[in-house]
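Peer 1: Have a look at this one before I ask anything.
The values are calculated or read from the model by the stated rules, or taken from the named source; none is laboratory data. In this text, all values refer to a predicted model and were calculated from it rather than measured experimentally. We place every Cβ from the backbone using ideal geometry, glycine too, and count neighbours over all the protein chains shown.
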Amino acid sequence: MKNFLFVLNDPPYGTERSYNGLRHAMALFKDEGEVDIRIFLLGDSVLCAKGGQETPQGYYNLERMIKGLLLKKALVST
């Protein structure tokens, strides 16, 4: 089993860094099969997990992305 750690520190909207980190984590579940993925939300990135987000036009909802990763057994912590 492969282990991956993602440390995110950018806000959910305004840059694409947090989105790209979450997208990469989702792709690993598809491409690698059995993996252990841990995501650490640091600083402004904790807002990625905030419930009830109103997503700006043209952006993905990062709350939904995190929920999907949790369903796949990723560990998300702050």
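Peer 1: Pairs please, first residue from segment 43-56 and closer than 18 Å to LEU75 by Cα and polar (S, T, N, Q), second anywhere and surrounded by 11 or more Cβ atoms within 10 Å (Cβ to Cβ) and at pLDDT 90 or above, Cβ atoms under 8 Å, 6+ apart in sequence or on different chains.
Peer 2: Listed pairs, sorted by first residue: SER45/LEU8; SER45/ASN9; SER45/ASP10; SER45/PRO11; SER45/PRO12; SER45/SER18.
Peer 1: Restricting the search to segment 1-28, which residues are of a type outside the set (A, V, I, L, M, F, W, C) and either farther than 14 Å from THR55 by Cα or under 8 Å from the mean Cα position of the chain (by Cα) (or both)?
Peer 2: Passing the criteria: LYS2, ASN3, ASN9, ASP10, ARG17, SER18, TYR19, ASN20, GLY21, ARG23, HIS24.
Peer 1: Oh, and also: Any residue at all in segment 33-41 that is of a type outside the set (Ser, Thr, Tyr), more than 17 Å from ARG64 (Cβ to Cβ), without any contact (Cβ under 8 Å) to a residue 40 or more places away in the chain and assigned to a loop (DSSP other than H, G, I, E, B)?
Peer 2: yes
Peer 1: Applying the selection to segment 51-72, what residues are outside any helix (DSSP H, G or I) and either closer than 17 Å to VAL7 by Cα or hydroxyl-bearing (Ser, Thr, Tyr) (or both)?
Peer 2: Correct list: THR55, TYR59, TYR60.
Peer 1: Could you tell me whether any residue of segment 32-41 is crowded, with 17+ Cβ neighbours inside 10 Å, at pLDDT 95 or above and not β-branched (Val, Ile, Thr)?
Peer 2: yes
Peer 1: Follow-up. Check whether at least one residue in segment 45-54 is modelled with pLDDT of 95 or more, out of contact with any Ser or Thr (no Cβ under 9 Å at 6 or more places or on another chain) and surrounded by 12 or more Cβ atoms within 10 Å (Cβ to Cβ), and report yes or no.
Peer 2: For segment 45-54, residues modelled with pLDDT of 95 or more, out of contact with any Ser or Thr (no Cβ under 9 Å at 6 or more places or on another chain) and surrounded by 12 or more Cβ atoms within 10 Å (Cβ to Cβ): absent.
Peer 1: Also: Could you say which residue among TYR19, TYR13 is crowded, with 16+ Cβ neighbours inside 10 Å and part of a loop (DSSP other than H, G, I, E, B)?
Peer 2: TYR13
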